[in-house]
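J.: Encoded as structure tokens, here's the structure I'll be asking about.
The values are calculated or read from the model by the stated rules, or taken from the named source; none is laboratory data. Since this is a predicted model, take the numbers as computed values, not measurements. Note that we place each Cβ from the backbone using ideal geometry, even for glycine, and neighbour counts take in every protein chain shown. Heads up: the accessible areas ignore ligands, DNA and RNA and are worked out on the full protein's heavy atoms, side chains in. Shrake-Rupley method; radii C 1.70, N 1.55, O 1.52, S 1.80 Å.
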Amino acid sequence: MDVGQDRRGSPASHQVARLTSGHWPARAQRLLEESFKLCVDGLHEPLRRCLGDFEQQLFAQAERARQHVQQQDFYGSRQRVLQDRTQFEQRFLVRLAAAFNALEEAHAAVPASSDAASKKSWQSLELLDPVEQELTMAVDQLGARGEARHSSVLYELGYRLAVLVGTPPLEGAKLPLGPHALSLAFHEASAELQLPPAHQLLLLQSFDQWLIQPLIPLYDNINAQLQADGILPQLRSIPIPRSITKRTGPRTAPTETEATVETAHTTSGAGSSSGSGGSIEVLESLRDLLAQQRANQGNLAGQLGGQLASPDELQSALGALQQHLAQVTGQASRELRSAQRLREELLIQLNLGKPSGAPHTQLTGEQGDTVELVAMLFEQLGQQLQQGGNAHNLLGDLQLPVLRMAVADKGFFEKREHPARKLLDTVTAAANDWLDGSDDESNRPLANKLEQLVARASQEPPSAGLYTTLLADIEHHLALLARKAQAAERRHVEAAQGRERLDQARHRAGELMAERFALAPPRGLLRALLDRAWSDVLALTLLRHGEDSEAFGKQLVITDQLLGRLPTGDRLQLQQNVENGLQQIGMHAEEAEQVAQRLLGTEKPDPPTDLPSATDLALRLKQHQRLGEQHSTQQPAPHPDPHPGSSAPPTESKHSAPHEAATAHPARTPEPSPRDRRIEKRLSELPFGSWFEFVDPVSGQLARRKLAWYSKMSGRCLLVSRRGQRGEEMSLSELAHQIAIGQACEVPVQREGLLDRAWRSLTGNLRQSASAHHPVPQEPGQR
């Protein structure tokens, strides 16, 4: 079996490897090719997301790097990934096809004796490379975790492919579409990127998250195709179900099911390989906690009489209630979305239009508990939000569409990768992080996108396919926003770093000037020239070429000639050198010529030139814009803008920087307090990318800013918004003082997303409420 390239009917960016062979029977060949095509189609989008996630992680790590070399390594790896994405996918698919080739080799190979195999293995011994060993172990662990996670579907797939090719059941690395084979193909394809070992491990983590964990739908499709074609149609993998105790009433003490609830919502990929009983157990565990809570609160009312609502009736009632809530706004809308009011409104919708005396339709116990659990989850999510306005409104509009999905699919409560859960998490995080509650123009595109997404989720019937489509759409939009923010932030960081290097060059030029002024202080026009202009010439040359360069040495010779420390020599040549230097720092050619001629006395007698007086030229030099400063008719600020002419907006908009009024001119204490010094020391140890929250003392509005860069030499730091716009450039001591007086605080790193924290809070509240009246017995003497 060999591997070719199918270039017909597909764009160059999506060329895929295909299998061709004349050794298999026609039916086996067709099914193998169809299985491989399903694999190619199913892995294309996850592979794209994997590489995109890895590229964003590299950029984030580069921004947090404390050393220049580490930062350049991250940027270099990111650039290689961006340039090699299409070729990477091709290499991955070619190696995946090679795994199918190995099926034919295994079928045709003659088994070797154990002695011969042992002798061959001893002849191939070699010293281990620690780095290669670590990577090999990581790849093996990925495959092993994937095998354990998807064991049931892999069992069926291994038997069906083995029937096709006439071999024993395929498992482990011998299964061409299994996690072991996929991990090995991915690792071999990534080798040509020549990434550092730490970056390769980071890439493998992204591969595990985006490709290995969500493999079940792909395996289900391949199994279904083979089964429909008559390949072991009766084969079933029947997992042993976990024991579920029938709920006969409220319990009096917490049991192991409470741990099941927390594990399902905090462990990555928990329950993804469970059978159909998995999600039922988690939902039942949550319902048990709800029952205990009601019992402790004295709410033991049983199910009322009447017929129970069918799933279709409940979906129709939810749809009608959704239309009703769309017409209600403000406080009334929030009240209607509470658990109790939502249940009451649903019962009204279920019984609307029934004749008098007809039996009332009631929610089943599971339906009622699902409504209450989703309402509690959204309440916890609302408490996690940091911003007001748009984020809360969007969250409220998404509650009923998510409830309809949770009622239709119980996997919502267990599968962390469930499309509805991922969409809820993504939309909530986007509204919380990117929208600041104002009507600023920069918020409108994302706000409109989120509103369109919520509207579509409300209008169409709930399904996993719908939420998968919506999730891909919003993730693409957020990726574009993130790239723009990264580019804007990078421009500001580079400008701040350039300003820092210029200040250092200026400082060194000032030291060299001071050494010369101490011997013979100049006066008049010469002093103004050296102070206001020529020192910038020295700084610019030092910045471009370095202090030990020939160019900088020539500028120092010109300086000494102007001060009379060295003989002038050719005065016209010296005039030309002075003019060239002044023009390099932005002085007009005519003005530079006038200054040089008046200073050196080289004005031309024929025709006579009417030069400005030395006093006028000295005044002009004092008013001359210094290198790196922006011209302004207002009083200059203590820290001028370091990047004149930048296309990026210099500051955040008025709506998105409420703290600027408080921090634009912070109180400068002549002697920092001991607490200020401790805070400043802590700040100097923080990595780039740390977040801070500023409080406007007038309105109390909060604004988050990221510490994008700071200098250990000058203490100057750069704070940017989520969109990469410069909020404020201040010193670490000023930031420490703001923290000390309560005008700012560091935002702790959150290891969990908003939805995970909401699940944890929901489960914790239920457990606390369920055990409130049943304290755990203590040993004598314990307090």
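J.: Looking only at the stretch 718-744, which residues are small (Gly, Ala, Ser) and over 16 Å from Ser673 (Cα atoms)?
T.: Correct list: Ser721, Gly724, Gly727, Ala744.
J.: Still on this structure: Which residues, counting only those in the stretch 379-393, are in a helix (DSSP H, G or I) and open to solvent by 10 Å² or more (accessible area, probe 1.4 Å)?
T.: Glu379, Gln380, Gly382, Gln383, Gln384, Asn390, His392, Asn393
J.: Scan (1) modelled with pLDDT of 85 or more; (2) among the small types (Gly, Ala, Ser); (3) open to solvent by 70 Å² or more (accessible area, probe 1.4 Å) for the single condition Gly76 breaks and write down its number.
T.: (3)
J.: Now for a separate question. Hey, does the stretch 566-573 have a residue that's assigned to a loop (DSSP other than H, G, I, E, B) and closer than 21 Å to Gly498 by Cα? Don't jump to the end; show me each part of the working.
T.: Within the stretch 566-573, the subset assigned to a loop (DSSP other than H, G, I, E, B) is 566-570.
Imposing the further condition that a residue be closer than 21 Å to Gly498 by Cα reduces the set to none.
Checked against the condition, which is being assigned to a loop (DSSP other than H, G, I, E, B) and closer than 21 Å to Gly498 by Cα, the stretch 566-573 yields no hits at all.
J.: Could you check the stretch 685-746 for strands (runs of 3 or more DSSP E) lying wholly inside it with 3 or more residues that are over 13 Å from Ala496 (Cα atoms)?
T.: Per the criteria, 690-695, 702-710.
Each row is one residue, and each column tells you yes or no for (1) over 19 Å from the mean Cα position of the chain (by Cα); (2) of a type outside the set (A, V, I, L, M).
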site	(1), (2)
Thr370	yes, yes
Gln384	no, yes
Leu424	no, no
Asn432	no, yes
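J.: Within the stretch 407-423, restricting attention to residues that are buried (at least 22 other Cβ atoms within 10 Å of the Cβ) and small (Gly, Ala, Ser), which residue is nearest to Arg341 (Cα to Cα)?
T.: Selected residue: Ala420.
J.: Quickly run through the stretch 563-574 and pick out the residues that are within 19 Å of Pro521 (Cβ to Cβ) and free of Cβ contacts under 8 Å to residues at least 40 places away in the same chain.
T.: Leu566
J.: In addition: Cβ contacts < 7 Å: first residue without any contact (Cβ under 8 Å) to a residue 60 or more places away in the chain, restricted to the stretch 349-370; second residue in a loop (DSSP other than H, G, I, E, B) and surrounded by fewer than 11 Cβ atoms within 10 Å (Cβ to Cβ), any location; separation 6+ or different chain. Result?
T.: Pairs found: Gln362/Leu304.
J.: Identify, please: which residue in the stretch 503-524 is open to solvent by 20 Å² or more (accessible area, probe 1.4 Å) and in contact with a helix residue (DSSP H, G or I) (Cβ under 7 Å, 6 or more places away or on another chain) and is, among those, nearest to Leu600 (Cα to Cα)?
T.: Our first condition is that a residue be open to solvent by 20 Å² or more (accessible area, probe 1.4 Å); within the stretch 503-524, this holds for 503-504, 506-508, 510-511, 514-521, 523-524.
If we keep only those that are in contact with a helix residue (DSSP H, G or I) (Cβ under 7 Å, 6 or more places away or on another chain) as well, we get 506, 508, 510, 516, 520, 524.
Working: Arg506: 25, Arg508: 26, Gly510: 23, Arg516: 19, Ala520: 18, Gly524: 13 Å.
Checking each candidate, the answer is Gly524.
J.: Can you tell me which residue is surrounded by the most Cβ atoms within 10 Å (Cβ to Cβ) among those in the stretch 606-624 that are assigned to a loop (DSSP other than H, G, I, E, B) and modelled with pLDDT of 75 or more?
T.: Checking each candidate, the answer is His624.
J.: How many residues does the stretch 94-122 hold that are open to solvent by 80 Å² or more (accessible area, probe 1.4 Å) and modelled with pLDDT of 55 or more?
T.: 1
J.: Between residues in the stretch 43-69 that are within 13 Å of Pro214 (Cβ to Cβ) and in contact (Cβ under 8 Å) with a residue 12 or more places away in the chain and residues that are buried (at least 18 other Cβ atoms within 10 Å of the Cβ) and of a type in the set (Asp, Glu), which pairs lie under 7 Å by C-beta distance while being six or more apart or on different chains?
T.: Leu47/Glu89
J.: Of everything in the stretch 725-767, what is at pLDDT 85 or above and surrounded by fewer than 12 Cβ atoms within 10 Å (Cβ to Cβ)? Give them in sequence order.
T.: Listed by number, the residues that qualify are Gly742, Pro748.
J.: Please state which of the following conditions Arg416 fails to meet, knowing it meets all the rest: (1) in a helix (DSSP H, G or I); (2) touching a Gly at 6+ places or on another chain (Cβ under 8 Å).
T.: (1)
J.: Which residues, counting only those in the stretch 727-751, are free of Cβ contacts under 8 Å to residues at least 12 places away in the same chain and of a type outside the set (Val, Ile, Thr)?
T.: Of everything in the stretch 727-751, those that are free of Cβ contacts under 8 Å to residues at least 12 places away in the same chain and of a type outside the set (Val, Ile, Thr) turn out to be Pro748, Gln750, Arg751.
J.: Of the conditions (1) modelled with pLDDT under 85; (2) open to solvent by 60 Å² or more (accessible area, probe 1.4 Å); (3) not in a loop (DSSP other than H, G, I, E, B), Thr245 fails just one. Which one is it?
T.: (3)
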